[in-house]
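Take a look at the structure below.
The values are calculated or read from the model by the stated rules, or taken from the named source; none is laboratory data. All figures in this text were calculated on a predicted structure; none of them were measured in a lab. Positions of Cβ are backbone-derived with ideal geometry, glycine not excepted, and every protein chain shown enters the neighbour counts. Quick note on the areas: whole protein, heavy atoms, side chains included, nothing else; ligands and nucleic acids left out. Shrake-Rupley method; radii C 1.70, N 1.55, O 1.52, S 1.80 Å.
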Amino acid sequence: MTCARCGYSSPPPAGPFCSHCGAQLSVLRWVAEPPPSTQRPPEPPRPRYTGPPRYPVPQRWGFPPLPWRPPGAGGPPRPDPEHGVAALAVVLVPMLWATAAVAVTAAFAEAWRYGLLLASREGALSAEVVTASDALVAAAGALAPTLGALAGLLLVLWTVRAAPAAAAIAGVRPARTTRMIVAGWLVPGLNLAVPGSVLAETEHAALRRPVGERPRPSRLVLLWWLLWAGGVVFATVVLLWSLREGVQAQADGVVLHALLDLLAAATAAVTAVLVTRFTRLVGPVRVRPREIVVALGSRSATGSAPDTTRDSTCDPAPVGGRDVTPPATPPPEAPAVPA
């Protein structure tokens with residue numbers, strides 16, 4: 001047999017060891033090779049770079065203005081419904097408060113006009129006072145409906161976006177379509193019941209209550225529903241009352257317009273609070289870390305560190321990779337100034 005180490009051929013009677021170097025003679029030779037499943041096919045050689053592509057005519061294609069997406073994510077990115085609700089609330093809430101303020105001003109103008117009507121029974125009125133009262137009534141009477149109409153349009157759009165966003169949070173499909181919600185706001189008769197039902201369903205879904213449970217509106221929703229339905233009915237009564245003729249009917253119309261303005265101001269204010277609350281329910285939860293110092297001891301006479309007691313449940317977690325826990329060692333004392 002031929003030795004694998006020195007290449008010397010030993011005679012058969014030499015035994016299992018080489019007679020020249022003493023290495024063990026082996027009949028088999030083990031060669032370690034990777035399994036076929038782990039072997040990768042050879043990569044094709046990369047072609048030589050020849051420069052940017054050349055086209056015979058100017059190309060009109062381009063990349064869409066979209067953010068980067070990982071490979072395999074098909075379809076365009078879906079818009080975030082929570083962002084749309086919050087974006088509308090930023091404009092809607094100030095407009096509702098402005099509508100409430102203008103409605104209160106209009107109610108004051110109508111009350112001032114009614115006071116002038118009572119004062120005119122005993123004598124003539126000043127022309128400047130009457131002109132100022134008429135100007136205030138005309139300005140507030142024109143500005144309040146305009147702001148109310150714009151706020152109402154934004155409120156309908158906000159409801160259309162808030163209902164699907166709340167349903168997405170609860171993991172269910174919206175109970176009403178967009179057409180049903182818009183029709184419930186605009187169709188007379190339906191606007192007494194559908195808006196309150198939509199808001200109750202939105203609140204039920206945003207709070208993640210059981211799907212099979214009947215929506216129970218909160219006190220805020222019930223108050224808004226009562227003000228809204230009462231405002232719609234009272235506005236119809238005032239509109240029909242304005243068709244009457246006579247001095248007394250006009251005087252009563254001034255009082256009715258003042259009450260309607262006050263009711264509109266209350267409805268706008270409650271609507272602003274309702275929109276703010278629902279936007280916070282639909283939006284993401286923001287938890288701000290805070291720290292509370294329960295007790296702080298004084299330095300003892302021996303010069304030991306002060307005894308501080310801190311509430312462990314109120315210690316915030318590290319924010320942005322930085323520990324907000326104050327250092328354990330107390331700050332150095334200021335040097336004493338000799339008298």
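Share of carbon and sulfur in the accessible area of segment 134-292 stands at 66%, probe radius 1.4 Å.
Here's how it looks for residue 17: its modeled amide H is under 5 Å from those of 25, which are all 5 or more places away or on a different chain. Using only the alpha-carbon atoms of segment 131-250 as identical scatterers, what base-10 log of I(q)/I(0) does the Debye formula give at q = 0.09, 0.22 Å⁻¹? After summing over all Cα pairs, the log10 values are -0.36, -1.31. Of the trypsin sites (Lys or Arg not before Pro) in segment 187-249, the ones in a loop by DSSP (not H, G, I, E or B) with at most 14 other beta carbons within 10 Å are 208, 244. Ranked from largest, the principal axis spans of the Cα set of segment 194-291 equal 65, 39, 16 Å.
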